[in-house]
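Derivation of every value follows stated rules applied to the coordinates shown; laboratory data play no part. All of these numbers come straight from a predicted model, not from anything done at the bench. Heads up, the Cβs are rebuilt from the backbone with ideal geometry, glycines too, and the neighbour counts pull from every protein chain shown.
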Amino acid sequence: MLGAYYAIATWLPTFLKTERGLSVFGTSSYLAMTIVGSLVGYVAGAYATDRWGRRLTYIAFAAGAFVMALVYMVIPVSNTSMLFLGFPLGILMQGVFAGIGATISESYPNDIRATGYGVSYNVGRVIGSLFPLTVGWLSTGRTSLPLAIAIVAGVGYMMVMGAALLLPETKGMDLGQAGGDDSAHEPSRDADKAVLAPTVGKPA
């Protein structure tokens, strides 16, 4: 998901300037519309994550973002239409991210949760950084910039949908059970003492 987002966000100003003929100042309203949509997307994605579950939210938002990337980058529409299309594009791009913190946290047991979160998220960032480079490589004589952005972002969002299908649903999971951690179910010594204490000193 990071790669798809990086591919769009990194190249969007260049796309608006070179493909749509907008000035540097003229791109600001288009970017602002996408940013406002992104703020709404975080809230909508967080709500959907708790309402629908993690997997369905990832699939729905990734599929929507894939379609919107194609519409925004490839299908010929007017600049006015593109301005307003930036709002749903921002919602769908950022809505995918809303549940990632919960999903990663629920995938690792207590003992290694911070390590697992840090490693998995940042490995994703490293891999994702290759996506904008791929857009640049494709757009230098191999295909057009809009199509390169759509292809690379589309690959990223398809990977999100594939991963979501393979991941277990963790909605409502007790973090004590995350990653197969059964320590939360082991009776503690203090609990044993609490059970035995009332019987001490009483006749059999």
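Overview of results
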{"read-out": "Among 23-30, 107-114, the order from most to least packed when residues are scored by Cβ within 10 Å on average", "value": "107-114, 23-30"}
{"read-out": "FRET efficiency, Lys17 to Leu39 (Cβ-Cβ, R0 30 Å, nearest 0.05)", "value": "0.80"}
{"read-out": "Tyr121 paired with Leu147, simple spin-label distance in nm, labels 7 Å along Cα-to-beta-carbon", "value": "3.8 nm"}
{"read-out": "For the stretch 36-50, Karplus couplings with θ = phi - 60° (6.51, -1.76, 1.60), whole Hz, Gly/Pro x", "value": "4, x, 5, 4, 5, x, 4, 5, 5, x, 5, 5, 5, 4, 7"}
{"read-out": "Sorted peptide list for 50-58, 135-143, 31-39, criterion being average Cβ within 10 angstrom, highest first", "value": "50-58, 31-39, 135-143"}
{"read-out": "Rounded FRET efficiency, nearest 0.05, which uses the C-beta distance separating Val71 from Leu166 and R0 of 22 Å", "value": "0.20"}
